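**Student:** Please read through the structure below; I'll follow up with questions.
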Amino acid sequence: MRPEEFSTILQAAVAGSHEALEKILELYEPLINKHSWINGKMDEDLRQYILIHIALNISKFDI
């Protein structure tokens, strides 16, 4: 993905586009999953917590 494409998607997500937020979450899924492990196993509750916080706070991004 080119930087211009990412910028457009991020701006749309910050503006409230559900499709754009979904694309951002897809893009960062490997990183989210990486940080969702506790004691050697995937913690689905932690993963959900991370996803919810991204969704609730993306509108606060300063672009």
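**Student:** What helices (runs of 4 or more DSSP H), lying completely within the chain, carry at least 1 residues that are among the small types (Gly, Ala, Ser), modelled with pLDDT of 95 or more and in contact with a Lys or Arg (Cβ under 8 Å, 6 or more places away or on another chain)?
**Tutor:** Values: elements: 3-14, 18-27, 29-34, 44-57.
Fully inside the chain and qualifying: 3-14.
**Student:** Moving to a separate point now. Identify, from the list ARG47, ARG2, the residue that is surrounded by 15 or more Cβ atoms within 10 Å (Cβ to Cβ) and among the charged types (D, E, K, R). Before the answer, list the steps.
**Tutor:** Working: ARG2 fails: surrounded by 15 or more Cβ atoms within 10 Å (Cβ to Cβ).
After applying the criteria, what remains is ARG47.
**Student:** Moving on to the next point. Would you be able to tell me the number of residues in the range 27-44 that are of a type outside the set (Gly, Ala, Ser) and surrounded by 10 or more Cβ atoms within 10 Å (Cβ to Cβ)? Steps first, answer last, please.
**Tutor:** Initial filter on the range 27-44 (of a type outside the set (Gly, Ala, Ser)): 27-35, 37-39, 41-44.
Retained after the next criterion (residues that are surrounded by 10 or more Cβ atoms within 10 Å (Cβ to Cβ)): 27-29, 31-33, 35, 37-38, 42-43.
Counting residues in the range 27-44 that are of a type outside the set (Gly, Ala, Ser) and surrounded by 10 or more Cβ atoms within 10 Å (Cβ to Cβ) gives 11.
**Student:** I need the full set of residues from the range 8-31 which are among the polar types (S, T, N, Q) and in contact (Cβ under 8 Å) with a residue 24 or more places away in the chain, in order please.
**Tutor:** Correct list: GLN11 only.
The values are calculated or read from the model by the stated rules, or taken from the named source; none is laboratory data. Remember, predicted model here, so these are calculated numbers, not experimental data. Because the Cβ atoms are built from the backbone with ideal geometry, glycine has one as well, and the counts that use them run over all protein chains shown.
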